[in-house]
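A.B. asks: I am attaching a structure below and will ask some questions about it afterwards.
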Amino acid sequence: MDESSISEYISATFPGVDVAVGSREAGSPEISWGDTFFIYDPNRDLEGPRRFPFATIVTKDYGEFDDLSDLDRPGVFRLNIGVSKETYRSLFPAAGDHDFAVLDRLMPHPVYGPNHWVCVLNPSDATFERVKPLLAEAHAIAVRRAHRGGR
């Protein structure tokens, strides 16, 4: 799987998704240029903190803040997915050490794991099949959040 295939899958599978790519033109912080954010926003009218992604694709390290995945390697990207606390705990029942730079392994997000985010670097087709239900859950959570917020 490559970034484009993942983006196409998410945008074609889940209704109401706005796919936003960080850029100067979009007014994104420079560090996020080229990264992809999947936001449930069917009317394309959310602003500020309400434009919170349920999944992202990140292509580079974010300085010392988020560098454990070593995304500055050529061709390496990380798919990040926000799941429920229950799902997160079922996937990672105990705290443990993780090599956050390993490719094609589902693991806690190196920074946002405590917020129930999971990730995988350069998922294979087989791993992406395992990730699809997590993307569906993340999308459903985003839909519920948007409707609680007055949508």
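The values are calculated or read from the model by the stated rules, or taken from the named source; none is laboratory data. Nothing here was measured: the structure is a model prediction, and the numbers come from that model. Neighbour counts are summed over all protein chains in view; Cβ atoms, including those assigned to glycine, are modelled from backbone coordinates with ideal geometry.
A.B. asks: Only one residue in Leu46, Leu135, Leu79, Leu68 is in contact (Cβ under 8 Å) with a residue 60 or more places away in the chain and touching a Pro at 6+ places or on another chain (Cβ under 8 Å), so which one is that? Explain how you work it out, then say what you get.
C.D. replies: Numbers: Leu46 fails: touching a Pro at 6+ places or on another chain (Cβ under 8 Å); Leu135 fails: touching a Pro at 6+ places or on another chain (Cβ under 8 Å); Leu68 fails: in contact (Cβ under 8 Å) with a residue 60 or more places away in the chain.
Exactly one residue qualifies, and that residue is Leu79.
A.B. asks: A further question on this structure: Could you say whether any residue in segment 84-100 is surrounded by 12 or more Cβ atoms within 10 Å (Cβ to Cβ), polar (S, T, N, Q) and part of a loop (DSSP other than H, G, I, E, B)?
C.D. replies: Yes.
This table checks each residue for (1) within 24 Å of Asp72 (Cβ to Cβ); (2) small (Gly, Ala, Ser).
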position	(1), (2)
Pro93	no, no
Gly96	no, yes
Val102	yes, no
Leu121	yes, no
Glu129	no, no
Lys132	no, no
Ala136	no, yes
Arg148	no, no
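A.B. asks: Can you find, within segment 39-62, the residue that is surrounded by the most Cβ atoms within 10 Å (Cβ to Cβ) among those that are within 16 Å of Ser23 (Cβ to Cβ) and among the hydrophobic types (A, V, I, L, M, F, W, C)?
C.D. replies: Filtering first and then ranking leaves Val58.
A.B. asks: Oh, and also: Would you mind stating whether Asp45 is at pLDDT below 95 and of a type in the set (Asp, Glu)? Don't jump to the end; show me each part of the working.
C.D. replies: Working: at pLDDT below 95: yes; of a type in the set (Asp, Glu): yes.
Against the criterion (at pLDDT below 95 and of a type in the set (Asp, Glu)), Asp45 qualifies.
A.B. asks: Here is a follow-up. Within segment 13-38, restricting attention to residues that are in contact (Cβ under 8 Å) with a residue 12 or more places away in the chain and surrounded by fewer than 13 Cβ atoms within 10 Å (Cβ to Cβ), which residue is farthest from Leu103 (Cα to Cα)?
C.D. replies: Among residues in segment 13-38 that are in contact (Cβ under 8 Å) with a residue 12 or more places away in the chain and surrounded by fewer than 13 Cβ atoms within 10 Å (Cβ to Cβ), the one farthest from Leu103 (Cα to Cα) is Pro15.
A.B. asks: While we're on this one: If you take the residues in segment 101-145 that are small (Gly, Ala, Ser) and more than 17 Å from Val83 (Cβ to Cβ), which one is surrounded by the most Cβ atoms within 10 Å (Cβ to Cβ)?
C.D. replies: Ala101
A.B. asks: Which residues, counting only those in segment 66-83, are closer than 21 Å to Ser5 by Cα and surrounded by fewer than 19 Cβ atoms within 10 Å (Cβ to Cβ)?
C.D. replies: Within segment 66-83, Asp72, Arg73, Pro74, Gly75, Val76 qualify.
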